[in-house]
Structures are given as structure tokens and as C-alpha cells.
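In what follows, a single structure is set out as C-alpha cells and then discussed.
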């Protein structure tokens with residue numbers, strides 16, 4: 001049977017499955033070169049490598065033991081790294097499945113992530129189809145091409161490990177789809193769930209504001225009921241953005257406990273918007289850092305002003321702009337930045353849409369992008385996911 005004749009959702013799942021199979025093989029190859037570490041033994045199994053490495057062990061701790069009652073503090077009085085830095089919804093879902101099935105974390109967590117990622121693909125397809133009609137008209141096949149590019153993104157391997165990206169991707173796609181289709185109650189539920197999944201809910205408020213403006217611009221008048229729903233959704237987005245830090249403060253008795261916990265992973269205990277760039281860029285690039293900063297700003301401007309990006313619908317464009325800006329302001333740039341960018345999937349839509357015709361050129365462009373992403377995925381796994389002991393390790 002010709003795959004192009006398959007139902008659209010089957011095509012989405014087939015692309016996702018093929019991409020995850022590639023990532024599984026790459027993971028197994030990289031795992032065969034992994035040395036023993038604090039998470040796994042030497043050359044770990046697939047289940048251990050996807051269920052225990054890096055932050056997956058923090059989520060496992062939450063699923064199996066919960067959160068510490070008090071924040072751990074070192075001799076210097078600073079809060080040490082602890083589980084409160086990690087959001088609860090994914091490990092709680094995993095704990096529920098572990099209880100029901102009797103399976104271990106290393107089986108449940110990667111499987112749950114894999115299935116959540118699969119669920120996100122058809123939603124993303126429908127979102128692009130409904131939310132970016134101009135882009136789809138210019139580049140037929142764009143929704144499926146978006147699914148492809150997200151599936152093979154260099155850090156898409158985390159869609160099958162014990163991380164929260166799969167759940168966050170699904171909730172973001174569902175929330176944006178609900179906003180675009182004017183299902184504001186469902187959007188509010190989605191964004192509140194997102195607030196217990198990842199620290200990425202605040203940019204949704206910007207999407208709601210742009211959506212409200214676009215609706216008002218259509219008719220210059222909206223019913224009071226619609227205004228109430230939009231205001232409520234914007235409020236839910238704002239609440240969701242601070243929900244977990246507030247809960248962390250209440251549960252630990254330390255109002256700024258979440259921020260103090262986050263500071264334990266940073267090179268500086270002071271947390272301010274975009275503040276981390278002020279010491280990271282000079283550290284990486286020395287005297288050349290101002291030019292690098294200008295280059296980053298110019299690159300962002302080029303991406304956001306590109307015709308293929310401007311063809312996105314207002315909601316998708318806003319998420320594609322507001323989310324990276326928010327991440328840039330909130331995090332300390334490092335190896336995780338590429339992983340966070342997986343959730344900025346409308347920029348993937350814009351990247352695929354750079355070449356809109358003729359059809360052979362668009363397909364060639366998509367193929368080159370896919371090949372490039374797969375090569376970079378292997379590089380990311382080898383350079384970042386594989387633990388390389390520092391000099392003198394173990395002590």
C-alpha cells in the first residue's frame with residue numbers, strides 16, 4: 001500500500017515510530033560506549049539508559065519516594081540540588097502506571113514518554129493545519145512535514161526517555177489547538193496541567209492576548225461571555241506559570257524555595273531575567289562575547305521576520321516567539337537549551353516552509369533538513385547524553 005494513501009493520523013504515527021526506532025538504535029550504540037556512573041553501570045541496557053540517565057533519576061526519585069519535606073541545605077547555608085526543581089505530573093502519572101502494572105520505573109517511564117509523544121503528533125498536525133492556513137497554502141504537506149521535523153529534531157530522543165518533554169509537547173499542542181478552535185475551557189485545563197509539567201506556561205498568556213486581539217479585530221466586538229472566557233484563560237495561564245513555585249514554597253515552608261533550588265544548578269546564585277547570559281557568554285567566548293550576543297540577537301530577528309515565519313497564524317507565531325524569549329530569560333544557557341527548543345515546534349514549521357515550491361524543491365529541502373537533524377541527533381547523543389567523566393573521576 002502507498003503510505004501517502006494512509007489516513008493522515010496513521011502517517012503521523014508511522015513517521016514518529018520510524019524516528020523513534022532510529023533514536024533507539026542510536027541510544028543502544030551510544031550506551032555500549034557508556035562508562036559506569038552514578039546512574040547506570042557500564043554499557044547499560046536500553047531500559048536503564050532511557051530510564052535512569054541524567055534528570056530521569058530525579059523523576060524516578062519523585063515517583064518512588066516523593067519530594068523531601070525540607071529543602072537540603074549545605075554547610076554554607078545554600079540550598080542544595082533536590083527534587084523540588086522537577087515538576088510532578090509526569091512522575092505521578094508514571095507512579096500510577098507502576099502501581100497498576102507492577103512494572104518498574106525503567107520500563108514505565110520511557111514507555112509513557114514514548115506514548116505521550118505519539119499522542120502529540122496528530123494533535124500537532126491538526127494544530128498546524130487549523131492554525132497556520134496561509135503557511136499550509138504556500139507549502140502543501142506542511143502539517144506532516146512539521147511532524148517529521150519535530151520527530152527527528154536533534155534532541156527528539158528525549159521523547160522516549162524518562163523526561164517530561166513528551167508530556168509538555170502534548171499539553172502545549174492541545175492547549176494551542178484549543179485556543180485556535182476557541183475551546184477556552186479545555187485550553188484552561190491544558191495550561192493548568194502544563195503548570196505542573198514544565199516551567200513553560202507563562203508564554204501561553206501572550207498567545208491568549210494575541211488571540212483575543214485577533215478575534216476582536218475580526219468584528220470589532222465580542223460578547224461579554226467571550227471576554228470573560230478569554231480573561232479567565234489569561235488568568236489561568238498566569239496562575240499556571242507560578243503554580244509550582246508557590247506549591248513548593250507552601251510545602252517546604254520556604255517562600256522562595258523553588259528559586260533557591262534552581263540556583264543550586266547555576267553558576268551564580270543570583271537569578272534575574274537574562275542574567276545568566278551576562279556571565280555565560282564571557283566565560284565561553286571571552287573578549288568576543290559582545291559580537292556573539294549581537295549575532296544571537298540578529299539570528300533571532302532573522303528567524304522571526306522570515307516570510308515563512310510570518311505566514312504562521314498569530315497564535316503559532318506568538319508561541320514560536322514568546323517561548324524562546326521566555327526560555328532565554330529564565331534559564332542558564334547550556335547543554336539543555338537545545339532540548340528546550342524542541343517545544344518551539346512552530347519554528348520547525350517555519351523552517352520547513354522556507355522552500356514552498358516547486359514540489360520537488362520543497363521535498364528536497366525537507367529531505368536535507370531531515371538528514372541534517374538525524375546527524376545532529378547522533379552528535380547530541382554522543383556529546384551530551386553520554387556521560388564523560390571529568391578528569392580525576394572517580395575520586
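The values are calculated or read from the model by the stated rules, or taken from the named source; none is laboratory data. All figures in this text were calculated on a predicted structure; none of them were measured in a lab. Cβ atoms come from the backbone with ideal geometry, glycine included; neighbour counts cover every protein chain shown.
Rundown of residues vs (1) modelled with pLDDT under 95; (2) touching a strand residue (DSSP E or B) at 6+ places or on another chain (Cβ under 8 Å); (3) under 20 Å from residue 322 (Cα atoms); (4) not in a helix (DSSP H, G or I), yes/no style:
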position: 159; (1), (2), (3), (4): no, no, no, no
position: 179; (1), (2), (3), (4): no, no, yes, no
position: 186; (1), (2), (3), (4): no, no, no, no
position: 189; (1), (2), (3), (4): no, no, no, no
position: 193; (1), (2), (3), (4): no, no, yes, no
position: 200; (1), (2), (3), (4): yes, no, yes, yes
position: 207; (1), (2), (3), (4): no, no, yes, no
Of those in the stretch 301-316 that are free of Cβ contacts under 8 Å to residues at least 40 places away in the same chain and within 27 Å of residue 187 (Cβ to Cβ), the residue nearest to the chain's Cα centre (by Cα) is 304
So which of 64, 75, 69 is assigned to a helix (DSSP H, G or I) and exposed (fewer than 14 other Cβ atoms within 10 Å of the Cβ)? 64
Looking at 175, 146, 106, which one is over 19 Å from the mean Cα position of the chain (by Cα) and in a helix (DSSP H, G or I)? 106
Among the residues that make up the stretch 124-131, is at least one of them over 30 Å from residue 361 (Cα atoms), in a helix (DSSP H, G or I) and without any contact (Cβ under 8 Å) to a residue 40 or more places away in the chain? no
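Specify the residue that is nearest to residue 79 (Cα to Cα); the eligible residues are those in the stretch 237-267 that are assigned to a loop (DSSP other than H, G, I, E, B) and under 24 Å from the mean Cα position of the chain (by Cα). Spell out how you get there, then give the answer.
Taking the stretch 237-267 first, the residues assigned to a loop (DSSP other than H, G, I, E, B) are 253-256, 264-267.
In the following step, the residues that additionally are under 24 Å from the mean Cα position of the chain (by Cα) were identified as 264-267.
Values: 264: 6, 265: 10, 266: 12, 267: 14 Å.
In this case the residue turns out to be 264.
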Inspect all residues belonging to the stretch 83-96 and state whether any of them is modelled with pLDDT of 95 or more, part of a helix (DSSP H, G or I) and farther than 25 Å from residue 201 by Cβ. no
